[in-house]
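**Student:** Here's a structure for you.
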Amino acid sequence: MPNLLSKLSGAPKSKPIEPREIFMSLPAKDKRYEYPRDVQSEVWKKWFDRRDQENTIIKMNTGSGKTVVGLMILQSCLNEGKGPAVYVVPDKYLVAQVCDEAKKLGVLAVTDRDDYHYAENKAILVAPIHALVNGRSVFGMRTSDNYPIESVLLDDVHACLDTITTQFSVQIPSTHELYDRMVALFADSWKLYNSNSYTDIVEMKDFKKDALLPFWLWQDKQIEVYRLLKQYDNDNEKNFCVFFSLPLLQDCLPFCNCIITARSIEISPNGIPISKISSFERATRRIFMSATLADDSVFVSAIGMKPDKVTDIITPDKANDIGDRLILFPKHLNSSITDEDIRQKIIELSATHNIVVIVPSGERGSFWDGTGKRIVTKENIEKAVAALKTKHIGLLVFVNRYDGIDLPDDACRLLVIDGLPPLRSEYDKYMQSINPTSNLLLREQIQRIEQGMGRGVRSNSDSCCVVLMGNKLADVLIRNKGVSFFGNATTEQYNLSKELWDLLKQTSSNPTIDEIFELADYSLNREIEWIEKSKERLSKVVYKTKPNFDCVAISLRDAFEQANIGQWQKAVEAIDTAINQEPDEKSKGYLMQIKAEYTNFIDRSKAQQILQSARRFNGGTLGPIDGIQYDKLINNKAQAKAMLEYLAKISSNPNECVVHINAVVDALLFSPNANEFEGALEEIGKILGFESSRLDRDGGPDNLWAIGNSKYLVIECKSGATTDIISKDYCNQLGGSVRWFDNKYGNGFQCTPIMIHKTNVVDTLASPTQGTRIVTPELLDKLKRQIRDFATALAQSGNWQDETKVSSLLLTYKLRGQDIAQEYTTTFTTARG
């Protein structure tokens, strides 16, 4: 053995603790780290001055060297004796990226929590968020011997918080025996409340339907629910859906939401009890790093951060740490441009440039590449990113990857954001179905869009053209003012690009796809004048340093925390604060439903009264136990007049109305997403000037249209059907909806029963209701084309807001009440025996 005593040091040397000084003194760093960027030095100094605050939020633009900033901050913590130190990222792929960066810097980073150097506070532990936050976490869920954390940094914090929310939920697949036992537990009371819902999901296995169990049913069965879940709370791999989640939820199980679908059961809380991860909760330094997103409510909803405890956000002094982005929005410039037009142009450009398309789902990915060879998922992402960085690949399609990938310089010269990011959970989907304009969901989606837009600019010398596409995306950004949720720098780049759009529109009122993409050349060819203008505009942008917390998010978190300690009345008062401040009626009704849920713990009768009131603001909220007094849909207005009145509520701008109409029409797809389809069909009815409502949650049809003259369309949507024959069950369901109509409306009212299905052939055992009509995919496409063409004509000069001309257009495009069944439905035929 060598003589180790000779290597012992004498008196310990003091280590630098200022991050910039640490960076400059690193002896083995790669040559490209010779000097820090100005923005890094600015952030380091600001953090160091307030390093002893429990929570600090750091916002830096994507590509400004956040990883280096984070590593130096944690090294500073270690040097000051504030270890152990943990660097947390959204997934395993990013763990490798951080460790690689640390190695190039000469900073010791490890991935094993039992590593000697980490235990001795000599190395930074790099871990994915799910290793920190899970029901068996060694960082807080043990009764003793939890791994301590003194300093913790969450990078790409919004992506981390998405995972945290997922971890705090139980997802029971329908293939698990627990699914059937849970359904059986609620079957009798569920049938009494809404037999149609039970039949659709449990008996007919309709994958398009979902059901939120009424809170009073859920609360009444808490002992039985917990007893059931505990039977599967073990480390058998098939029970991981319970094993890694139940310990996080069990204390707040009574005020969780339970969504049942034919695919799964999801149990999720009204808030995240992050204190369950005790080492994270007790860390003396918690650093949250994110891109420069405009809304900070997620820190309240997922971390429980107190707004008055975070008064300042650490940012660089100026926004000149971001690269140049030219943003194009073809559909906004010319509503007649199709997705196929854009796709063909993008494919053409991919012959000379690396282009990345980010899509929300694999289904949408097939639109870009039916072979699947250019589709990038978590399984092949590392290989794909490496290839883009080294050579010309052309076009690659990334599925639901809006963060965590770095595509500098020629790796991505043009980035396409195709459509809205998917919602995170079944409960989010439910919430959107009853409250489609929810700011809470809108902010989350806009944040993910902005994160996606940053993938192609990784330094202030980088450049990328960003193309936004999809009618739903256009509707959210333009009509719903989603652009206002962009961060300062992105907003400035959007506004600069918009000036180019305005100039183009002056030369061509409806520019072609080629004319629009000529603007992209300013970015693709690195035009000096464009770069100068872009940097000049950004140099004047100053980041916001005051956090922006949504008042509704604050109230919801306050209510959850009060409920968590049994202070039900205070929870109700917190929700009242949000209700009183909420101007949107649908959102107000949704908040009243939550108020009723908390009220039920102290006054069941009053809870039902609150639900009655909630229905007046939002017809999609839960119906009370005793049912609701159904108010007939009565349509006494002239169709053209009713249409103009409804469009006026959407927007005073005809082009924004066209964008909205196209977005709604796009959602009328034969796909598994029933909520989206049924919501779109309800909206189309209103756009066309009818009274329209979704009634399936109250035992009625999926959609009911009052088309005038006491005539109605009773519609059942089977847009997710996969068989080539209409089943007996589907026919019985439509028959039940007709009986519901006859019972509610009585004599003097007539209805036409309509089913939307992929075929008009019914099973030989079925007995369709007399007069049944079928909307096939071909007829649905015909209706969609007519509505699109009508909307385009409506927006033309002289037609907008002229009732006589609108009436004429409705006749021309065959969209009057009497035209719907005649032009867009067909009779059924019976399958051959």
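The values are calculated or read from the model by the stated rules, or taken from the named source; none is laboratory data. Everything numeric in this text was worked out from a predicted model, so none of it was measured. Cβ atoms come from the backbone with ideal geometry, glycine included; neighbour counts cover every protein chain shown. Heads up: the accessible areas ignore ligands, DNA and RNA and are worked out on the full protein's heavy atoms, side chains in. Shrake-Rupley method; radii C 1.70, N 1.55, O 1.52, S 1.80 Å.
**Student:** Across the stretch 332-353, what is the total count of residues that are polar (S, T, N, Q) and modelled with pLDDT under 95?
**Tutor:** 4
**Student:** Can you find even one residue in the stretch 243-261 that is more than 27 Å from Asn600 (Cβ to Cβ) and not in a strand (DSSP E or B)?
**Tutor:** Looking through the stretch 243-261, at least one residue is more than 27 Å from Asn600 (Cβ to Cβ) and not in a strand (DSSP E or B).
**Student:** Please specify each residue of the stretch 441-461 satisfying the condition of being in contact with an Asp or Glu (Cβ under 9 Å, 6 or more places away or on another chain) and part of a helix (DSSP H, G or I).
**Tutor:** Hits for the stretch 441-461 are Leu441, Arg443, Glu444, Ile446, Gln447, Arg448, Gln451, Gly452, Gly454, Arg455, Gly456.
**Student:** How many residues are open to solvent by less than 10 Å² (accessible area, probe 1.4 Å) and either touching a His at 6+ places or on another chain (Cβ under 9 Å) or within 29 Å of Ile516 (Cβ to Cβ) (or both) if we restrict to the stretch 428-449?
**Tutor:** Final tally of qualifying residues: 2.
**Student:** From the list Glu224, Glu281, Glu203, Glu237, pick out the single residue that is at pLDDT 95 or above and among the acidic types (Asp, Glu).
**Tutor:** Glu224
**Student:** Of all residues in the stretch 196-214, which are among the small types (Gly, Ala, Ser) and in a helix (DSSP H, G or I)?
**Tutor:** Once the filter is applied, which keeps residues that are among the small types (Gly, Ala, Ser) and in a helix (DSSP H, G or I), the stretch 196-214 yields only Ser197.
**Student:** Next question. Mind listing whichever residues of the stretch 114-147 are open to solvent by 50 Å² or more (accessible area, probe 1.4 Å), out of contact with any Gly (no Cβ under 9 Å at 6 or more places or on another chain) and not basic (Lys, Arg)?
**Tutor:** Listed by number, the residues that qualify are Asp114, Tyr116, His117, Ala119, His130, Thr143, Ser144, Asp145.
**Student:** Something else: Checking the structure you have, find out if any residue of the stretch 639-649 is under 30 Å from the mean Cα position of the chain (by Cα), assigned to a helix (DSSP H, G or I), surrounded by fewer than 22 Cβ atoms within 10 Å (Cβ to Cβ) and hydrophobic (A, V, I, L, M, F, W, C).
**Tutor:** Yes, because at least one residue in the stretch 639-649 is under 30 Å from the mean Cα position of the chain (by Cα), assigned to a helix (DSSP H, G or I), surrounded by fewer than 22 Cβ atoms within 10 Å (Cβ to Cβ) and hydrophobic (A, V, I, L, M, F, W, C).
**Student:** Let me ask something else about it. If I filter the stretch 424-440 down to residues being modelled with pLDDT under 85 and part of a loop (DSSP other than H, G, I, E, B), which single residue comes out as nearest to Gly365 (Cα to Cα)?
**Tutor:** Arg424
**Student:** Inspect the stretch 431-451 for any residue being more than 30 Å from Leu622 (Cβ to Cβ), touching a Lys or Arg at 6+ places or on another chain (Cβ under 9 Å) and among the hydrophobic types (A, V, I, L, M, F, W, C) and give the result as yes or no.
**Tutor:** No, there is no match, as no residue in the stretch 431-451 is more than 30 Å from Leu622 (Cβ to Cβ), touching a Lys or Arg at 6+ places or on another chain (Cβ under 9 Å) and among the hydrophobic types (A, V, I, L, M, F, W, C).
**Student:** Let me ask another. Return yes or no: is Phe329 under 24 Å from the mean Cα position of the chain (by Cα) and aromatic (Phe, Trp, Tyr)?
**Tutor:** yes
**Student:** Something else about it: For Val357, which of the numbered conditions (1) open to solvent by less than 10 Å² (accessible area, probe 1.4 Å); (2) part of a helix (DSSP H, G or I); (3) over 30 Å from Phe549 (Cα atoms) fails to hold?
**Tutor:** Going through the list (1) open to solvent by less than 10 Å² (accessible area, probe 1.4 Å); (2) part of a helix (DSSP H, G or I); (3) over 30 Å from Phe549 (Cα atoms), Val357 breaks only (2).
**Student:** Go through Ala614, Ala674, Ala680 for me and flag whichever is open to solvent by less than 20 Å² (accessible area, probe 1.4 Å), under 30 Å from Gln219 (Cβ atoms), within 27 Å of the chain's Cα centre (by Cα) and free of Cβ contacts under 8 Å to residues at least 40 places away in the same chain.
**Tutor:** Going through Ala614, Ala674, Ala680 in turn, the sole match is Ala614.
**Student:** Okay, next question. Which condition number does Lys595 fail, the rest of (1) at pLDDT below 95; (2) among the basic types (Lys, Arg); (3) surrounded by 22 or more Cβ atoms within 10 Å (Cβ to Cβ) being met?
**Tutor:** (1)
**Student:** If I filter the stretch 171-183 for residues that are in a strand (DSSP E or B), under 28 Å from Ile265 (Cβ atoms), in contact (Cβ under 8 Å) with a residue 24 or more places away in the chain and of a type in the set (S, T, N, Q), do I get at least one hit?
**Tutor:** Within the stretch 171-183, one or more residues are in a strand (DSSP E or B), under 28 Å from Ile265 (Cβ atoms), in contact (Cβ under 8 Å) with a residue 24 or more places away in the chain and of a type in the set (S, T, N, Q).
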